[in-house]
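Visitor: Here's a structure for you.
The values are calculated or read from the model by the stated rules, or taken from the named source; none is laboratory data. None of these values were measured; they are calculated from a predicted model. Every residue, glycine as well, gets a Cβ built from its backbone with ideal geometry; the counts of neighbours run over all protein chains shown.
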Amino acid sequence: MTIRDLLALPRPTLSYELFPPRSPAAESTLEDTMRMLAATRPDFMSITYGASGSTRGTSRGVVHRLAEEHTVPPLAHLTCVDQSRAELVEVIEEYLADGVRDFLALRGDPPQGQTDWRPHPDGLLYASDLVVLLREVAHAHGLDDVSVGVTAFPAQHMVPQFRQMGLDVLRAKQDAGADFAITQVFYRAHQYTRLVEDARAQGITIPVIPEIMPLVSERRAIRAEQLTEVRIPSALFSALESAADEDAARAAGVDFAARLSRDLLDAGAPGIHIITFNQHRAALELVEAMGLVRD
């Protein structure tokens, strides 16, 4: 059953985001995290893919372990960054040969040190082009049971001068064959509902899964704001900043994330996708607070 099929069921999906480990210690931590998260019986877990394909091998290894050892459907990320069309075809074919049937197609951010987006000379320009390529490769291998996700940006949607451009991009991804979207991080429920309402008004009908980041420390909040350029709510930042210890800070972050998640599900969100930073504790506490653990 693909993510496209899961989103047609009358219940919210539960999923997590992981990233490939970069050291033996990180490898051990990730294995513990996958085991703990798999116990909640999530619908899928996504695995990020480094710029320039820098984590190609380790990303594929995590995808394989999720499917084989933990029996959790993997959502494989792919980006257009610094890769030729031929290289992307090779990666897609490797994943398909491993049994992967769910992909998240991203344009990707410029590599570190590069300020503007420049495609590979023989590569793809937009995420919608990657959606088309995924469909073409799957079809060439006689595979129709492949689902493709893309990204959406609720916080940026609130900026009037970017609103229509973002909707046009999302429609282009849908027209290219995308089955669903997962948002970038945001912290206000109305940002999500406004994006979905505006999208529906313009004929964009794919399900949009909100991504939730339970912030567990002041340091993590500062780093998240730097990476995403999405401002942390002042009340949340103050709670993290004034927390007496790590447990209190994590509790404040989980509480905020749980309230946001409930508001989103009440507003009709088709599921919750949790960023874990390859750590299980806050993610599990969030799932428990929301009552989303599967029987």
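Visitor: Can you name the residue in segment 232-267 that is of a type in the set (Ser, Thr, Tyr) and more than 23 Å from the chain's Cα centre (by Cα) and is also surrounded by the most Cβ atoms within 10 Å (Cβ to Cβ) among such residues?
Guide: SER238
Visitor: What pairs can you find where one residue is in segment 59-82 and in contact (Cβ under 8 Å) with a residue 60 or more places away in the chain, the other is surrounded by fewer than 20 Cβ atoms within 10 Å (Cβ to Cβ) and among the hydrophobic types (A, V, I, L, M, F, W, C), and their Cβ atoms are less than 9 Å apart, with a gap of 6+ or different chains?
Guide: PRO73/MET1; PRO73/ALA67
Visitor: Out of the residues in segment 75-93 meeting the condition of being surrounded by 15 or more Cβ atoms within 10 Å (Cβ to Cβ) and of a type in the set (A, V, I, L, M), tell me which one is farthest from ARG135 (Cα to Cα).
Guide: VAL81
Visitor: Kindly establish whether GLU69 is under 18 Å from ARG107 (Cβ atoms) and surrounded by fewer than 18 Cβ atoms within 10 Å (Cβ to Cβ).
Guide: no
Visitor: Quick check, is ALA172 touching a helix residue (DSSP H, G or I) at 6+ places or on another chain (Cβ under 8 Å) and part of a loop (DSSP other than H, G, I, E, B)?
Guide: It is false that ALA172 is touching a helix residue (DSSP H, G or I) at 6+ places or on another chain (Cβ under 8 Å) and part of a loop (DSSP other than H, G, I, E, B).
Visitor: Next question. Being in contact (Cβ under 8 Å) with a residue 24 or more places away in the chain, among the hydroxyl-bearing types (Ser, Thr, Tyr) and closer than 28 Å to ASP32 by Cβ is the requirement here; does THR205 meet it?
Guide: For THR205, the condition - in contact (Cβ under 8 Å) with a residue 24 or more places away in the chain, among the hydroxyl-bearing types (Ser, Thr, Tyr) and closer than 28 Å to ASP32 by Cβ - is not met.
Visitor: Sticking with this structure for a sec: With the condition being modelled with pLDDT under 85, in contact with a helix residue (DSSP H, G or I) (Cβ under 8 Å, 6 or more places away or on another chain) and under 22 Å from VAL146 (Cβ atoms), I'd like the helices (runs of 4 or more DSSP H) fully within segment 1-118 carrying at least 3 qualifying residues.
Guide: In segment 1-118, 56-68 are the helices (runs of 4 or more DSSP H) which contain 3 or more residues that are modelled with pLDDT under 85, in contact with a helix residue (DSSP H, G or I) (Cβ under 8 Å, 6 or more places away or on another chain) and under 22 Å from VAL146 (Cβ atoms).
Visitor: Somewhere in segment 197-205, is a residue buried (at least 20 other Cβ atoms within 10 Å of the Cβ), within 28 Å of PHE103 (Cα to Cα), at pLDDT 95 or above and not hydroxyl-bearing (Ser, Thr, Tyr)?
Guide: yes
Visitor: While we're looking at this one, here's another question. Kindly list, by first and then second residue, each pair from a residue in segment 228-247 that is under 15 Å from VAL185 (Cα atoms) to a residue that is surrounded by 11 or more Cβ atoms within 10 Å (Cβ to Cβ) and among the acidic types (Asp, Glu), limited to pairs with Cβ atoms under 7 Å and residues at least 6 apart or on different chains.
Guide: ARG231/GLU225; ILE232/GLU225
Visitor: Being assigned to a loop (DSSP other than H, G, I, E, B) and either within 18 Å of THR228 (Cβ to Cβ) or of a type in the set (Gly, Ala, Ser) (or both) is the filter here; which residues of segment 175-201 pass it?
Guide: GLY177, ALA178, GLN184, VAL185, PHE186, TYR187, ARG188, listed by residue number.
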